[in-house]
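The values are calculated or read from the model by the stated rules, or taken from the named source; none is laboratory data. This one's a predicted model, so the numbers in the text were calculated from it and none came from an experiment. When we count neighbours, we look across all protein chains shown, and the Cβ atoms used for this are built from the backbone with ideal geometry, even at glycine. Protein only, heavy atoms only, side chains kept; ligands, DNA and RNA dropped before computing areas. Shrake-Rupley method; radii C 1.70, N 1.55, O 1.52, S 1.80 Å.
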Amino acid sequence: MEAVGSRGTDHLAALHCLAFLPGGVQLTVALIALVGWARIRIGHHTPTQVAAGTLVGVLVSLGDLLPM
């Protein structure tokens with residue numbers, strides 16, 4: 001159960017902001033890997049679920065970079 005006011009999108013927005021800091025891309029990738037590992041370790045997700053979520057995140061991010 002998540003705490004009131006705690007949403008995955010809030011955390012995603014914070015990570016997105018980190019990417020714009022000097023060295024932020026490396027920090028963001030490291031944090032994403034750490035969170036993925038932790039979700040598997042505590043049993044909330046399987047490796048396949050984490051990999052699928054990562055793939056979706058990468059594709060959405062790349063789509064965001066494409067010109068309209």
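Per-structure values
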{"read-out": "Residue-level accessible surface for Val50, protein heavy atoms, 1.4 Å, Å²", "value": "30 Å²"}
{"read-out": "Table column - 3J(HN,Hα) (Hz), the stretch 36-43, Karplus curve with 6.51, -1.76, 1.60, x for Gly and Pro", "value": "x, 4, 5, 5, 6, 4, 7, x"}
{"read-out": "Accessible carbon and sulfur surface of the stretch 25-68 relative to its total accessible area, %, 1.4 Å", "value": "75 percent"}
{"read-out": "Theoretical FRET efficiency, 1/(1+(r/R0)^6), r = Cβ-Cβ of Val35 and Leu55, R0 22 Å, to 0.05", "value": "0.90"}
{"read-out": "Rounded if a/c under 1.5, otherwise prolate or oblate - the stretch 21-67, Cα gyration tensor axes", "value": "oblate"}
